[in-house]
1. Provide the percentage of antiparallel DSSP beta bridges, counting only those with both residues in chain A; round to the nearest 5.
2. To the nearest whole number, what is the average tally of beta carbon atoms from other chains within 10 Å of the beta carbons of peptide B:132-145?
3. Over all Cα pairs of the stretch B:359-423, how is the pair count split among 5 Å bins, expressed in % and running from 0 up to the last occupied bin?
4. So what's the convex hull volume per residue for the Cα atoms of the stretch B:128-189, in Å³?
5. Taking Cα pairs under 8 Å and at least six residues apart, what relative contact order does the stretch B:167-313 come out at, in percent?
6. At a threshold of 8 angstrom on Cα-Cα distance, excluding pairs fewer than six apart, so keeping six or more, what relative contact order does chain C reach in percent?
7. Cα axis of helix A:390-399 to longest principal axis of chain A: angle in degrees, 0 to 90, nearest 10?
8. What is the average number of partner chain Cβ atoms found within 10 Å of a Cβ in B:70-83?
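Read-outs: derived from the displayed coordinates by stated rules, not from any lab. Computed from a prediction, not measured in an experiment: that's the story for all the values here. Neighbour counts run over all protein chains shown; Cβ positions are idealised from the backbone, glycine included.
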Amino acid sequence: MSFIPTTENERTAMLEVCGAVSVEQLFEDIPKHLRPRSFSLPEGKSELEIHEHFEKLAGRNYSHLTSFLGGGFYDHFIPAAVDALASRSEFYTAYTPYQPETSQGTLQAIYEYQSQICRLTGLDVSNASLYDGGTALFEACQMAIHATGRRKVVLDGGVNPIYRKMIYSYTANLAIEFIETPVSHGQSDRGRVLEALDDHTAAVILQNPNFFGAIDDHSDIVQKAHSLGILAIQSVHPIALALLKTPHEQGFDIATGEGQSLGMPLSFGGPYLGFMAAAQFLIRKMPGRIVARATDASGREGFVLSLQAREQHIRREKATSNICTNEALCALRAHLYLSLLGKEGLKATARLCCDKAHYARERLKAVRGVAVMESAPIFNEFTIKLPIDAGECAGRMIELGFAAGFPLGRYYPGMENYLLVAVTEKRTKYEIGRFAEALEEVICP
Amino acid sequence: MPVIFEKSVTGRRGVSLPASDVPVRHTIPERYRRADDAPLPELSELDVVRHFTALSRKNYGVDTNFYPLGSCTMKYNPKITEKIAALPGFSTLHPLLPQLSRGGMLTQGALAVVYELEQALCEIMGMDAFTAHPLAGAHGELTGMMIIAAYHRDKGHRRTEILIPDEAHGTNPSSAAIAGFTIRPVPTDPATGVLIPEALEGILGEKTAAIMLTNPNTLGLFNPHIEQIAALAHRFDAQLYYDGANCNAILGKFRPGDANFDVVHVNLHKTFGTPHGGGGPGAGPVGVRKHLTPYLPISRIAKRSDNTYALDYDYPKSIGYIAPFYGNFGICLRAWAYILMQGARGLIDVSENAVLNANYVMHALKGVYEVPYPKTCMHECVLSAKKQAAYGVHAIDIAKALIDEGFHPPTVYFPLIVKEALMIEPTETESKGTLDAFIAAMKRIALLAQEDPEKFHAMPWTTPVGRLDETRAAKEMDVCSRG
Amino acid sequence: MATPTDRRYSKTHEWIKLEGTTALVGITAHAQEALGDITFVELPKIGIKVKKDGACGVIESVKAASDLNAPVAGQVVEVNRALESAPETLNADPWEEGWILKLANTTAAEMASLMDAAAYDAFVESEQ
């Protein structure tokens, strides 16, 4: 299907203005021998055919499993108004707001989103978004390295293993030393973290709740870090922040995280949303776009992209980051989600996740053969130990209609029998009961 | 217009949730709890809907009117792609599913989309393998640089430099720097507006890891020397990187793989019609020639002999994970739908009309605005407002005047090597009528610049705000409305 | 105001003026005009040693961010803190009030290798 409006007659008239006899003439600069050796694709389809084609493909995905799968990415309720407003084409067909007079909608929305993230984390400044929670964590790491001039980072093993792998990939060519501290029984080894901090360390990176679901108060680690001139970074779950001690209250300098839970569908891995907030003194080191308030000559208030001199299009190789296109529309969705739920709605969501996770943990504990890791308090996710391989178990649970959770052995050697189970506000008491029954069936047939 | 927090009313409820149906009411121990509630706004659903509706009406998108930002490719975003991305079979899929045993069989439709998109991009760009993982163009550039770094490390080379033309987009040097390289800028030949092989003398050598090129370049010109440049680079085993931001000019006319480029990236949110979103989400898939496939990020998607798809992690030399999962799937899905709608002939039509439209605008305005490189351009043309600057009317003033005429301005002041640059990329989805209206407006503006340059200071005056004091904003740095 | 003759100039548009055993460093009127309204100055730490042409600070405007380069090698002994709260001073008076830092342990040879006012004016002409 073509979206090209130009008719043959119009083409002829335009060619005349160009002083050319054919469109081919306009491509004369491309040598004949450099034309494509092959350019073979299926013939173009109409809108109707395309719709049918993709409906069939969508049908080949089994999306009806009752999901207890998390790992940082959760099946949350998304209010209908989020889709309705985010699909207004003035928002989604706009470009980056470089001409502020015609983009006050986008700019104000971003300023408000920045404010939402600050209110959630307790920190002073936020940027307009990064790609996802993993790249956001890497960017925070870079900030600390540039701010301190040091090249050593302490990275806790309780941080999402996918993010840790990403950080190692990005720094492979960069001569940065990482000390990874171990976890045992789903908790960080506090002693080892504190021990690892010294005056050559640029940053200490922790996650709350950690990958196993355990919540903590890292204030003591942050205190020691600051005494040594180290920057403290916390990767957080945004829904949990409705209830949990904030990164600011614990003294952290930078907070990052995955914003998918704030109104983004799971969508097989993206688009997602990396959020970042930091203490005021780090504002000039922040990557990405930042929107600030401004006034015009008549005193009318508006918003404008600010501190652009840090960014790639001006500072080039000395920029704080290379990021250009970010996740603006996802940030808009997050802002919509937080506005629609509001203070009480987010708290209610968090309470439901927490209560239902605790209930599920009780029900699963009662299943013969299942042991739960109870040494640390949890929020929405917990770890259980099975008498069989967790991967095998998860595979058999799929046949019974459940995405039972994530087998931890995949990223933590030695934990092959452990399963990470997540519960959101969408799971009902009935579903949780059926889940426990199904698990019993699989473990003890 | 007040910010949303100013509209908050204590006690007002928005969207409500069901009551809890579990007999557990857990209290998180106090030492782990936040002291006060997060000061999020308290609004009704209607409050929120009105607020965002009002915001949207202060915005300008492709759906509003002509949006000729150079190198951004602001083409029409087909609505059917939105419908497809929202199909529950795609939108509700958890990315960890295929990593469970037996989970792969439940995501065959999604895996097929990514696999087939990667295959199609190989054919379109002439490359041997593609990865859909990079989440934006700049992210693709960084991934490409990391692949090149891994290649040289593996071969025992010590390569520290990346050569980049001075007209390149800022993401090129910044991406190379983040990958740990130093940048050597290469001057563009002022006579022809492209990078000539002679310019590499004394710069290209044993320290060079790669040369990054955009072709056509940011001046909209196709480089006739690329084969020579490729040969020179490969003599030193330096890799040749292709920035695909300007692909809208060359679909079906040129494939970087055929010209011996080693690594490419494409911008799905430019050439392949996915929406810009006000600044993303986008996607920047990266393609490589065979010798670089071992270094691609994992996981990859493999097609098995029974025609099913599976995740493949067996790449011991891979650079590892650069994204949490398989890329911005929702964007890849839209782009694949777009490619299937166009087919080969459709994509060729895209480039032919994109190039025709840009040349038409250039020829129509050449008497009125200076054309620094008066030759056939590709999908975008670069004009200069130097003539108008003589009257005190600069590129930025012309941009503001265009806003009052109802158009989004082109890119201004880029590329850096042209003074008072106006970079115009119409795209193929614009009609002759729209182009003629734009041309007429540009001519009116040129005339006004001559006759009454003072008038430009007050522009734009048809918008909710006029020119904003960016200096004061940068000094005051009010970037957050605190609770 | 004409380019002052009591100091010397670098190719990256800094000026340096000897005052006894230390040297004052700033940016030229041409530099501040090219940058536009200056919004932020990142000053170097006191005590650091800088190489000739080494970066020792950043000057930021709305549309650009330029490294401040040391015209000669030396040690930073003092910085103009007033610029932190009033960066616009660099625009208003780049030659006097807008001094940025003081260097010690500079060498006469390196000072002599810099341009004088006339040479600097010619250099700026040629760059246009």
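1. Around 55 percent of the beta bridges assigned by DSSP in chain A are antiparallel ones.
2. 4
3. P(r) for the stretch B:359-423, in whole percents per bin: 4, 19, 27, 29, 17, 4, 0.
4. Dividing the Cα hull volume of the stretch B:128-189 by its residues yields 108 Å³.
5. Worked out over the stretch B:167-313, it gives 15 percent.
6. Dividing the mean separation by the residue count of chain C yields 30 percent.
7. Compared with the principal axis, the helix lies near 70 degrees.
8. Per-residue shielding by partner chains comes out at 3.
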